[in-house]
Amino acid sequence: AVQKACEANDEANFKFLYDVKKSIKEKVEAVSKEIYGADGVDFSDTAEQQIAQYEAAGFDKLPICIAKTQYSFSCDPSAKGVPTGFRISVREIRACVGAGFLYPICGDIMTIPGLPTRPGFYDVDINVETGEVIGLF
C-alpha cells in the first residue's frame, strides 16, 4: 500500500512545510500551526536568547525538529484527541549542529541524557560470600 501511494504521488506537487531560509520562529510556528493545529507559539526569555545566539552563529537556517509530549498535539499530555484553542510553549531551543538541526523543547518534556562512554554495568558486582549486589546505586 505504501509503495502504491508513493508511485501514485505526483512529485511536481511536493513541497516542504517551510523554507529553511525562514527565521527560527517562523519555522517553529509553521510546524506548530500546520502539523499540531496550535493557535500560536510562546517563546520563553531563555528561548529568545538562544534564538539570538543561534542567529548570530549562523545556525538559523537549520531545519527544526520539535521535542514535545507524544501524548497530545498540544504541550498538555492530558489533552487527548485533536485539541483546539491551545498554544505551543517553547521553553528552550537546543542545537545538534553536527546532525544539522535545531530542536525546541516544548512544555514539560524532558530529554534523555546521552550515555556515558563507560557503561555503568562495569561497576556492578556480586559479593559471592554474601550474595549482596554491589555498585547498583
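The values are calculated or read from the model by the stated rules, or taken from the named source; none is laboratory data. Source: prediction; values computed, not measured. We place every Cβ from the backbone using ideal geometry, glycine too, and count neighbours over all the protein chains shown. Remember, those area values only see protein heavy atoms, side chains included, never the ligands or the DNA or RNA. Shrake-Rupley method; radii C 1.70, N 1.55, O 1.52, S 1.80 Å.
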Return the only residue of Lys22, Lys15 being charged (D, E, K, R), surrounded by fewer than 19 Cβ atoms within 10 Å (Cβ to Cβ) and within 20 Å of Tyr103 (Cβ to Cβ). Lys22
Please go through region 12-69 and give me each residue that is hydroxyl-bearing (Ser, Thr, Tyr) and either touching a residue at least 60 places away in the same chain (Cβ under 8 Å) or closer than 24 Å to Ile112 by Cβ (or both), ordered by number. Ser32, Tyr36, Ser44, Thr46, Tyr54, Thr69
Going through region 102-123 in order, the residues found to be open to solvent by 60 Å² or more (accessible area, probe 1.4 Å) and farther than 26 Å from Ala79 by Cβ are Pro113, Gly114, Leu115, Pro116, Thr117, Arg118, Phe121, Tyr122, Asp123
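This table checks each residue for (1) within 17 Å of Ser23 (Cα to Cα); (2) touching a helix residue (DSSP H, G or I) at 6+ places or on another chain (Cβ under 8 Å); (3) at pLDDT below 90.
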| residue | (1), (2), (3) |
| --- | --- |
| Ala57 | yes, no, no |
| Cys65 | yes, no, no |
| Phe86 | no, no, no |
| Arg118 | no, no, yes |
| Tyr122 | no, no, yes |
